[in-house]
Amino acid sequence: MLILALESSCDETAAAIVENGRKVIADAVFSQIKIHQNFGGVVPEIAARHHLESINYVIKEVFDKTSIKKEQIDAFAATAGPGLTGCLLVGLNGAKTLSLVYNKPFLPVNHLNAHVCANFIDSDLKPPFICLLVSGGHSQIIFVEDYNKQKILASTIDDAVGEVYDKVARLCSIPYPGGVLLDKMALSGDNRAFNFPEAKVKEDEFSFSGLKTAVLKEVRKFESDNLPKNNIAASFQYRVCDTLIKKTLYHAKKLNCNTIALAGGVAANSELRKRLEELKTQGFITHAPKLRYCTDNAAMVASCAYYNPIKTDNPLLFEVFSRG
Ligand code: KG4
Ligand code: ZN
């Protein structure tokens, strides 16, 4: 089954053709990061306008990369939410239009479920597994019991992990989105230079706002020219990853589930991937999506449309939703 999927929930306009939920035939991503960098974050109105300008180009790009014709696509899919309303509308209406023109089903997809499905691309991972989903908008530990049966075991009570990365980066005058740069700087820093606190919350909760405030307090002690950015980045990254891995491990052991996967933009983080890999020595089977499928992309949306689309009686009437 060939699915063409569109993704436009935030600041990436993307299209992909995926076969049977796992094999990427062609994909294309247009990132708006440079556009929003001037504002220190995503400006929804500007993002929506750029999605409108780019969507036809990314669709054209995927078809240019393959001999498959639009008539051969079995279903068209798009992210319906959560995300920025004006942005989501572009992908959703694009895919609905293609579905009407080519008389094939339209499959709406939940963005968070799509991040989980990034683990199926180019892999043979099968449920059940525990998935640590960490992105710019969400931080959750999910028990993926089956392709379309999931249970949230823990979630954040304040900031999402990616959001905290971006905020801490801003405190250190690192341009948006700071996550990837902070990760690079952490590699040459001392992770014991600062002892940032771990939030004392319940096992079904994450909290990162206290950590953000602790970083702010340290940053204020330094002149901006002398800020030990690499040490701050390394100590912050250590605390974040340690907290995430410990809690994920707790839930995996509790459910007696020996397979653990990562998902979401922060799954691209080098320390988090290293700490996950280390769990193999404790007998766990671990999995992380390829780097390009961690941050927003359409291949994961196509995979999710195949394995776990949103259930609705009339998909063409299904509307976008901003919160999940
Ligand atoms: O999943 P994603 O592309 O968008 C959302 O659905 O939110 O995640 C974007 C987030 C941003 O906050 C970005 O800073 C973070 O993922 N991120 C990283 C890394 N790469 C992206 N955070 C830490 N380390 C990275 N290497
Ligand atoms: Zn995302």
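The values are calculated or read from the model by the stated rules, or taken from the named source; none is laboratory data. Predicted, not measured: the structure shown is a model, and the values here were computed from it. Counting neighbours? That spans all protein chains shown, and the Cβs are built from the backbone with ideal geometry, glycine included. Protein only, heavy atoms only, side chains kept; ligands, DNA and RNA dropped before computing areas. Shrake-Rupley method; radii C 1.70, N 1.55, O 1.52, S 1.80 Å.
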Exercise for the section: Compute the acute angle (0 to 90°) between the alpha-carbon long axis of helix 85-102 and the principal axis of greatest extent of the alpha-carbon atoms of the chain; round to the nearest 10°. Expected result: 30
Handout entry: Å² per residue, accessible surface of region 179-271 at 1.4 Å
Key = 50
Practice task
For region 220-324, state which GluC sites (Glu not before Pro) are in a DSSP loop and have at most 13 other beta carbons lying within 10 Å of their beta carbon.
Solution key: E223, E319
Problem - Antiparallel content of DSSP bridges confined to the chain, in %, to 5 - result: 60
Exercise for the section: Please report, as a whole percent, how much of the solvent-accessible surface of the chain comes from carbon and sulfur atoms (probe radius 1.4 Å). Expected result: 52
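Within the set K65/K290; K184/K221; K149/K184, which residue pairs have Cα atoms separated by over 29 Å?
Long pairs (Cα-Cα over 29 Å): K149/K184.
Going by the alpha-carbon gyration tensor, a ≥ b ≥ c the square roots of its eigenvalues, is region 3-147 rounded (a/c under 1.5) or, if a/c is not under 1.5, prolate (a/b greater than b/c) versus oblate?
The shape class here is oblate.
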Exercise for the section: Give, as a single signed number, the net charge of other residues whose beta carbon lies under 13 Å from the beta carbon of L153, with Lys and Arg counted +1 and Asp and Glu -1. Expected result: +1
Handout entry: Assigned charges on the beta-carbon of Lys, Arg, Asp, Glu; region 125-289 dipole about Cα centre (debye)
Key = 240
Handout entry: Using alpha-carbon coordinates, inclination of helix 209-219 to the longest axis of the chain, degrees
Key = 50
Handout entry: Degrees, to the nearest 10: 229-254 long Cα axis against longest axis of the chain
Key = 70
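In debye, nearest 20: dipole of the chain around its Cα centre with unit charges on the Cβ of K, R (+) and D, E (-)?
500
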Exercise for the section: Work through the residues other than G86 whose Cβ is under 10 Å from its Cβ and net out their charges, Lys, Arg +1 and Asp, Glu -1. Expected result: 0
